[in-house]
Every structure is written in C-alpha cells, then in structure tokens.
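Please read the structure below before turning to the comments.
Any read-out appearing in this document is the output of simple, stated calculations on the displayed coordinates, not a laboratory observation. Given the structure is predicted, the values throughout are model-derived calculations rather than measurements. Because the Cβ atoms are built from the backbone with ideal geometry, glycine has one as well, and the counts that use them run over all protein chains shown.
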Amino acid sequence: MTMDNRHVIRVEGVTRVYQMGLNEVRALRGVDLAVEPGEMIAVMGASGSGKSTLMNILGCLDVPSSGSYLLDGTRVDGLSKNQLADLRNQKLGFVFQGFNLLARTSALENVELPLLYDRAGRWKDTRALAARALERVGLGGRLDHQPSELSGGQQQRVAIARALVTAPTLLLADEPTGNLDSRTTVEVMALFQELNDQGITVLLVTHEPDVAQYAKRHVEVRDGCIIRDERVADRRIAAEDLMTMDEAVMEVAA
C-alpha cells in the first residue's frame with residue numbers, strides 16, 4: 001500500500017504491542033486501512049478483537065508500536081503527546097456511548113468546551129459556534145437545558161454537536177447507540193446518515209449488526225487483524241425506518 005494524502009485515514013502495517021508483566025500482548029498485527037472522504041464505516045468485532053485499540057490509535061489517543069498512520073495527510077506516528085492533543089482538537093470529533101456530558105452545565109456550554117481547549121486560537125465567537133452546532137442537530141431550542149433535563153437521545157445529540165463544533169475532518173463514534181432504546185437508536189443513526197450525506201466522514205464502532213447496516217462499509221477485526229472489509233450491499237436508510245415505525249404506531253392507534 002502506497003502512502004498518500006488523498007485519504008482521511010491511511011494506515012499501513014500498524015501493530016500495537018502491550019507488555020503485561022512478563023507477557024507480550026499483540027493487540028494489533030499489521031493492520032492496513034484506507035478511508036476516503038465522505039465514507040461511513042462500521043468497525044465490528046468481539047471483545048478483545050483489537051477494534052478498541054484500533055479506534056484509540058485512529059483517534060490519536062494511543063500510538064502504534066510500529067507502522068505508519070496518516071490522518072488527513074498528517075503523519076501521526078512519532079508525534080508527542082501535545083502534538084497528538086492538538087491534532088485531535090483540529091481534526092477529530094468524538095462521540096461516546098455514555099455521552100460524557102458535564103452534568104451541571106448547559107447544552108450550549110457542553111458543546112462550547114472543545115473550542116475553549118484550542119491552543120491555536122482558531123475560534124473567536126465560541127458561543128455562536130456552539131449554538132449553530134446544536135441547531136444543526138435539531139436542538140436549537142434546548143441551548144440552556146442541562147443533561148438531566150434532556151432525554152437520552154437529546155443528550156447524544158448534544159454529544160454529537162460537541163463533536164461537530166470544531167469542524168472535524170473525521171467523526172469517531174464508539175458504541176454511540178449502546179445506551180439508547182430502539183427508536184432513539186434509529187433517530188441517532190438518521191442524524192449520522194444526514195451528517196454523512198453533508199460530507200462528514202464517519203467511523204463508528206458497534207457490536208450491533210442492525211446498527212452496522214446503516215453504514216456504507218463494514219470493517220471486521222479479529223485477533224488484531226482486519227478479516228473483512230466490504231461495502232454494504234443492502235444499506236438501510238434510517239429516515240425510512242423511522243417512517244415505517246411511525247406508520248406502525250398510527251395503525252395500532254387506529
């Protein structure tokens with residue numbers, strides 16, 4: 001695989017080895033992966049497969065033991081902790097299963113937080129940018145609400161707005177629907193698909209095959225290797241599934 005700048009992500013021969021006492025654990029074993037702009041990829045794999053290690057490396061939260069990693073044309077392997085932190089802030093948006101919102105802080109202030117950590121001084125009117133991000137996810141009327149005043153789906157929308165507010169090159173979502181009920185899961189996936197249609201590259205980890213069907217591509221990890229990488233043939237459209245759910249509810253009510 002030839003390294004180039006045409007991809008959002010390009011890794012070649014990436015390994016990650018941990019030392020556990022006297023034992024050496026090889027979490028990743030020579031992974032190659034290329035992600036083009038505008039893709040929506042579901043990363044799947046059982047517990048211990050290496051998918052979380054892979055996501056941590058892609059998210060600049062960890063560094064490979066060997067191999068090469070380019071993020072939007074920037075060479076990642078070999079960067080210092082401060083350089084990795086700056087790159088995360090400039091290029092990446094994160095969405096987590098547990099939302100990770102500050103409890104006694106408004107939705108607006110939660111979304112504004114990443115902008116305040118920007119040491120490059122790129123962002124000026126941070127409150128206006130945070131408000132715009134919340135409007136983008138359909139929460140323009142909830143700016144002053146604290147997490148306890150929002151539903152699980154709304155909290156995840158706040159978390160997505162927070163991930164989007166820095167205009168990242170890549171959105172990384174780790175089990176983003178793990179704490180949500182079935183309908184809210186589809187609503188959140190509809191939002192991810194909408195953002196992806198707007199050109200945002202999305203990479204999500206999920207163990208749920210139904211959720212993975214909303215992606216455009218499946219990458220499966222096992223024993224530290226990618227064993228499957230293929231396009232989704234019968235991709236589901238979350239907005240259509242929501243319409244079907246609504247119609248079913250209306251039929252029952254009638």
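Rounded to the nearest 10 degrees, the angle from helix 107-116 to the longest Cα principal axis of the chain is 30 degrees. To the nearest ten degrees, helix 182-197 and the longest principal axis of the Cα atoms of the chain are 70 degrees apart. As a proxy for reagent exposure, SER148, SER49, SER68 were ordered by neighbouring Cβ count within 10 angstrom, fewest first; the result is SER148, SER68, SER49. On the basis of the beta-carbon distance and an R0 of 45 Å, GLN146 and GLU208 show a calculated FRET efficiency of 0.95.
Say a site is exposed when it is one of the trypsin sites (Lys or Arg not before Pro), sits in a DSSP loop, and has at most 10 other Cβ atoms within 10 Å; what is then the longest site-free stretch of the chain? Mind showing how you got there, number by number?
Working: sites that count: ARG6, ARG104, ARG119, LYS124.
Longest run free of exposed loop sites: 125-254.
Mean residue ellipticity at 222 nm, helices only, the chain: -10500 deg cm²/dmol; runs of at least 4 DSSP H residues each add -39,500 (n - 2.57), and the sum is divided by the number of residues.
Can you compute the equivalent ellipsoid semi-axes for the chain, i.e. the square root of 5 times each eigenvalue of the Cα gyration tensor, sorted largest first and rounded to whole Å? List each step's numbers first, then the result.
Values: eigenvalues 184, 114, 54 Å².
Those come to 30, 24, 16 Å.
Between GLY140, GLY21, GLY152, the Gaussian network model of the chain with springs among Cα atoms under 10 angstrom shows the greatest mean-square fluctuation at GLY21. Using 0.36 nm per residue and subtracting the Cα-Cα separation, the extra length available between ARG127 and ARG26 on full extension is 32.0 nm.
Could you line up CYS60, CYS225 from fewest to most neighbouring Cβ atoms inside 10 Å?
Values: CYS60 23, CYS225 15.
With the sparsest Cβ surroundings first, the list reads CYS225, CYS60.
Quote the relative contact order of the chain in percent (integer), defining contacts as alpha-carbon pairs under 8 Å separated by 6+ residues.
Values: 491 pairs, mean separation 63.2, N = 254.
Normalised by residue count, the contact order of the chain is 25 percent.
Coupling constants for region 77-87 follow from the phi torsions by the Karplus curve (6.51 cos²θ - 1.76 cosθ + 1.60, θ = phi - 60°), and in residue order they are 4, x, 6, 6, 4, 5, 5, 5, 4, 5, 5 Hz; glycine and proline get x.
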